[in-house]
Amino acid sequence: MLKLPGSVAARLVISYGLQGIVAMVAVSSVFYFGTVGVLHKNIDEKLLTPSQRFASETPDELAEKIRRQ
C-alpha cells in the first residue's frame, strides 16, 4: 500500500497548498486595504466639505437658506 503521510509527494502537496493559501491571503489583503483606504478618503471628503461650509456660516444665514428652499 502507499505511504502517503511521510512521502515526498505528500510534503510537496502540503507545502504548495500552504503557499497558495498564503498568496491568496496576501493578494486579498492588499486589495481589501487598498479599497478601504480609497473609500475612507472619499467618505471623509464628502463629509468634510459640507460640514466646513456649514461651520463657516452663522445660524441666521443657515436659517435663511433653509427658508429659501
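The values are calculated or read from the model by the stated rules, or taken from the named source; none is laboratory data. In this text, all values refer to a predicted model and were calculated from it rather than measured experimentally.
Name every residue in segment 1-47 that is hydroxyl-bearing (S, T, Y) and at pLDDT 90 or above, in order of residue number. Write out each step before concluding.
Filtering segment 1-47 for residues hydroxyl-bearing (S, T, Y) gives 7, 15-16, 28-29, 32, 35.
Answer for segment 1-47, where residues must be hydroxyl-bearing (S, T, Y) and at pLDDT 90 or above: S15, Y16, S28, S29, Y32, T35.
Within segment 43-69, track down each residue that is of a type in the set (K, R) and under 30 Å from the mean Cα position of the chain (by Cα). Full working, then the answer.
Step one: list which residues in segment 43-69 are of a type in the set (K, R), which gives 46, 53, 65, 67-68.
Residues satisfying the conditions are K46, R53.
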